[in-house]
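In what follows, a structure is listed as structure tokens, so that the remarks can point back to it.
Nothing in this text is a laboratory measurement; each read-out follows from the coordinates by a stated rule. If you're wondering where the values come from, they're calculated on a predicted model, not measured in any experiment. All Cβ positions, glycine included, derive from the backbone under ideal geometry; neighbour counts span all protein chains shown.
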Amino acid sequence: MPTILLYSVLSILLITTLLLVVRTIIFQWSMGSVQKIEGVPVDEKQVARNLATAIRCQTAPLDDQGTPDPEAFQQLHRMLEETYPLVHQKFRREIINGYSLLYIWQGSRADLEPVMLMAHQDVVSADPTEWTYPPFEGVIADGFIWGRGTLDIKNQLIGMMEAAEILLQQGFRPERTILFGLGHDEETGGVNGCKVLGEEFKKRGIHLAGIVDEGGGITAGLAEGVRGQVALIGVSEKGYLTVEFTVHDRPGHSSTPPPQTSIGILARALARLETHPMPIYLSRLRPLYHGIGRAAPLHIQVAFANIWLFGPLLKRWLASNPEMNASIRTTTALTIVNGGVEDNTIPAEAKAIVNFRLLPGDSIADVLWHIKKVVKDDRVKFKPVEGK
């Protein structure tokens with residue numbers, strides 16, 4: 001009997017090992033080969049100076065409604081005209097709704113649908129006391145360009161312009177028409193910029209073959225376990241949902257408190273939400289590590305080729321990294337709590353705001369059902385915040 005048991009265990013181990021090896025080999029074979037592409041020579045210092053100049057155009061909104069500063073946008077528009085003369089000679093430029101820009105690079109083939117490259121001109125406001133260098137001076141120091149917009153996303157705007165200017169100098173003309181769409185109020189919703197541009201396309205009957213917009217970048221350390229720099233291409237975007245939580249209970253005095261207060265009831269609900277996050281979907285990261293290919297260590301390739309076996313280990317490993325955790329689940333962030341105004345008075349009402357970033361595939365209904373299932377307290381009322 002022990003011999004039969006031993007053979008059974010060895011057989012299971014052998015079959016499992018063979019399955020792991022075969023699935024890993026298939027995973028690796030399907031990766032395909034990667035060819036090195038030579039970069040285009042550019043004057044890096046001049047490009048840095050051009051981006052720094054764009055940073056000095058303080059295109060932050062004047063208020064919470066996203067009211068643009070006319071002088072700042074005019075300054076940026078002049079800067080683009082002066083810095084990229086060939087773009088402004090060869091492209092057709094249109095100003096949309098006062099501040100957004102549409103550039104049209106006419107292709108040689110009218111039968112091909114156009115593509116659009118996008119970036120936004122506006123940036124978020126900045127508190128100078130929180131910066132190493134002033135946020136709108138475009139200081140170049142310590143190997144970096146410092147300023148609001150260097151990453152979000154005047155770097156992309158300037159990159160597009162630099163590439164187009166170089167290609168025009170070389171006499172290049174695309175077959176497919178290329179559009180540059182540069183909105184002016186993305187940080188406050190895009191309703192007066194990108195939305196208007198989209199409506200204009202609809203009126204003109206323009207259908208795009210594709211869009212390249214704000215997304216990932218060339219980073220190191222963002223793909224867990226992978227050494228060196230990786231260029232991540234985003235093909236989808238997480239959804240955005242803000243939920244308001246409210247608890248109404250009897251007010252009172254701190255000298256004779258009830259067993260539970262409105263704040264305590266709410267705090268318990270919030271704690272349960274934080275300790276019971278939305279489920280993990282490892283399948284969402286499999287294409288990433290498949291695309292990275294052999295840049296990923298062998299043990300990671302084996303794990304992603306065999307999620308059926310290593311899934312629990314992968315979940316624990318990836319969920320411990322905030323960036324990876326956000327890539328495999330809808331995240332829950334407790335951001336605002338309000339309740340009470342006096343230290344000796346028990347408030348009748350306590351409120352909280354929780355922000356969820358929805359993984360593609362999860363819906364608003366999924367999140368609300370998850371909240372109900374986790375909180376399990378009818379005294380805690382919750383609803384999506386309109387416009388959020």
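With +1 on the Cβ of every Lys and Arg and -1 on the Cβ of every Asp and Glu, and nothing else charged, how large is the dipole of the stretch 85-197 about its Cα centre, in debye rounded to the nearest 20? Walk me through the intermediate numbers first.
On the way: 9 positive and 15 negative charges, 127 e Å.
Result for the stretch 85-197 is approximately 620 debye, rounded to the nearest 20.
How long is the stretch 87-136 along each principal axis, judged by its Cα atoms, biggest number first, in Å?
Computed over the Cα atoms, the extents are 53, 20, 19 Å.
From zero up to wherever the largest Cα-Cα distance of the stretch 44-214 sits, split into 5 Å bins and tell me the percent of pairs in each.
1, 8, 17, 21, 20, 15, 9, 5, 2, 1, 0
Mind listing the long-range amide H neighbours of T331? Cut-off is under 5 Å, sequence gap 5 or more, other chains count too, H placed in the peptide plane at 1.01 Å from N.
R357, L359
Can you pull out the GluC sites (Glu not before Pro) in the stretch 290-363 whose DSSP state is coil and whose Cβ has at most 16 other Cβ atoms within 10 Å?
Working: sites: E323, E342, E349; in loops: E342.
Taking the stretch 290-363 and a limit of 16 other Cβ atoms within 10 Å, the loop GluC sites (Glu not before Pro) found are E342.
Ratio to report: Rg/Rh of the chain, with Cα atoms as the point set and Rh obtained by the Kirkwood method; give two decimals. Can you show the working numbers first?
Working: Rg = 26.8 Å, Rh = 25.4 Å.
Ratio of gyration radius to Kirkwood radius: 1.05.
Largest first and to the nearest Å, give the Cα extent of the stretch 239-384 along each principal axis.
Dimensions of the stretch 239-384 along the principal axes of its Cα atoms: 65, 26, 22 Å.
Only counting other Cβ atoms within 10 Å, I'd like K373, K36 sorted with the fewest neighbours first.
Values: K373 9, K36 5.
Arranged by neighbour count, lowest to highest, K373, K36 become K36, K373.
Cα centroid distance between the stretch 367-383 and the stretch 85-103, in Å?
What the calculation gives is 49 Å, centre to centre.
Short version: ³J(HN,Hα) in whole Hz for each residue of the stretch 84-90, in order, from phi by Karplus 6.51 cos²θ - 1.76 cosθ + 1.60 (θ = phi - 60°), x for Gly and Pro, what are they?
Whole-Hz 3J(HN,Hα) from phi for the stretch 84-90: 10, x, 5, 4, 7, 8, 8.
Using the Karplus equation 6.51 cos²θ - 1.76 cosθ + 1.60 (θ = phi - 60°), what ³J(HN,Hα) coupling, rounded to whole Hz, does each residue of the stretch 232-248 give in order, writing x for Gly and Pro?
Per residue, the Karplus-derived 3J(HN,Hα) values read 8, 10, x, 10, 7, 9, 5, x, 10, 9, 10, 10, 9, 10, 9, 10, 10 Hz.
Using a Förster distance of 25 angstrom, determine the FRET efficiency expected from the C-beta separation of Q170 and A48, and round it to 0.05.
Values: r = 22 Å, r/R0 = 0.88.
Working from the Cβ atoms, E equals 0.70.
Amide H to amide H, which residues 5 or more places from L232 or on other chains are under 5 Å from it, using H placed in the peptide plane?
G217, T219
Give the peptides 306-315, 353-362 in descending order of average Cβ contacts within 10 Å, highest first. Show your work: numbers first, answer last.
Details: 306-315: 15.3, 353-362: 18.2.
The most tightly packed comes first, giving 353-362, 306-315.
When DSSP assigns beta bridges and you keep just the ones with both residues in the stretch 44-214, what percent turn out antiparallel, to the nearest 5? Intermediate results must be reported in sequence, preceding the final value.
Values: 13 of 22 bridges.
The answer is about 60 percent antiparallel.
Would you list which lysines come within 29 Å of K45, measuring only between C-alpha atoms, while excluding same-chain residues fewer than 8 positions from it?
K45 reaches K36, K90, K154.
Each label point is 7 Å from the Cα along the Cα-to-Cβ direction; what then is the distance between the points at D366 and A220, in nm?
Each label point is offset 7 Å from its Cα along the Cβ direction, giving 3.5 nm.
Neighbouring Cβ atoms within 10 Å as the yardstick, rank H276, H184 fewest first.
Details: H276 14, H184 28.
Least crowded to most crowded, the residues run H276, H184.
Going by C-beta contacts inside 10 Å, put F27, F304 in order with the fewest on the left. Intermediate values should be presented prior to the final figure.
Working: F27 18, F304 24.
Fewest-to-most Cβ neighbours within 10 Å comes out as F27, F304.
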